[in-house]
Amino acid sequence: MAHSTFITLDKKGRATLPEEVRSALGVGAGDFILMEPTRWGTFELVPATLVPNDQLWFHHPEMQARVTQAERDFVRGRSTRTETPEEAQEFLDRLKSASPSPRR
């Protein structure tokens, strides 16, 4: 998107995002969009999903890669366990430290 786009507010303060903006954000009807304040006093539109805090670990990129590999192994009839309990705990600790703190 190389050009600026204007949005008009209605009497209740509602606006419709133009199709090119919705497409660029990858959002549609019913999707959530965060309006994150920037350090410049503006706001950034960020596509969002609601995930319970106790399930954030599953959405971490490293965990998603592990699940994908496990699914491939399962389909091929292979399964292995290569990590020790200590390595598993280290992985969980890394996920906890990388998770964003809950919003208040």
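The values are calculated or read from the model by the stated rules, or taken from the named source; none is laboratory data. Because the structure is predicted, anything quoted here is derived from the model rather than measured. As a convention, Cβ positions derive from the backbone with ideal geometry for all residues, glycine included, and neighbour counts pool all protein chains shown. Side chains are part of the model used for accessible areas, which takes the heavy atoms of the whole protein and leaves out ligands, DNA and RNA. Shrake-Rupley method; radii C 1.70, N 1.55, O 1.52, S 1.80 Å.
How many nm is it between the label spots at Met35 and Thr49, if each spot is 7 Å from the Cα in line with the beta carbon?
2.5
Before rounding to the nearest 500, sum -39500 (n - 2.57) across all DSSP H runs of length at least 4 in the chain and divide by the residue total; then give [θ] at 222 nm in deg cm²/dmol. Walk me through the numbers on the way to the answer.
Numbers: 3 runs with 36 residues, N = 104.
One gets -10500 deg cm²/dmol as the mean residue ellipticity at 222 nm.
Once you place label points 7 Å from the Cα toward the Cβ at Asp10 and Ser23, how far apart are they in nm?
Going by the 7 Å Cα→Cβ label model, 2.4 nm.
What's the angle, to the nearest 10 degrees (0 to 90), between helix 85-98's Cα axis and the longest principal axis of the chain?
Between helix and principal axis, roughly 10 degrees.
Could you work out the relative contact order of the chain? I mean the mean sequence separation of Cα pairs under 8 Å and 6+ apart, divided by the number of residues, in percent.
So the answer I get is 15 percent.
Residue by residue through the stretch 58-74, what is 3J(HN,Hα) from phi via Karplus (6.51 cos²θ - 1.76 cosθ + 1.60, θ = phi - 60°)? Round to whole Hz and write x for glycine and proline.
Karplus-based 3J(HN,Hα) across the stretch 58-74 equals 5, 8, 5, x, 5, 5, 4, 5, 5, 5, 4, 5, 4, 5, 4, 4, 4 Hz.
What residues have an amide H closer than 5 Å to that of Ala48, excluding those fewer than 5 places away on the same chain, when H is modeled at 1.01 Å from N in the peptide plane?
For Ala48, the qualifying residues are Phe32, Ile33, Leu34.
Which entry in (1) 17.9; (2) 13.9; (3) 15.3 matches Kirkwood radius over Cα pairs in Å derived from the coordinates of this structure?
Only one option fits the structure, namely (1).
Could you tally the net charge around Gln89, taking each other residue with its Cβ under 14 Å from the Cβ of Gln89, Lys/Arg +1 and Asp/Glu -1?
Value of the local net charge: -3.
Can you send over the carbon and sulfur percentage of the accessible area for the stretch 1-88, probe radius 1.4 Å, protein chains only?
57
Could you pull out the chymotrypsin sites (Phe, Trp or Tyr not before Pro) across the stretch 13-104 that fall in loop regions by DSSP (anything but H, G, I, E, B) with no more than 12 other Cβ atoms inside 10 Å?
Passing both the DSSP loop test and the Cβ count: Trp40.
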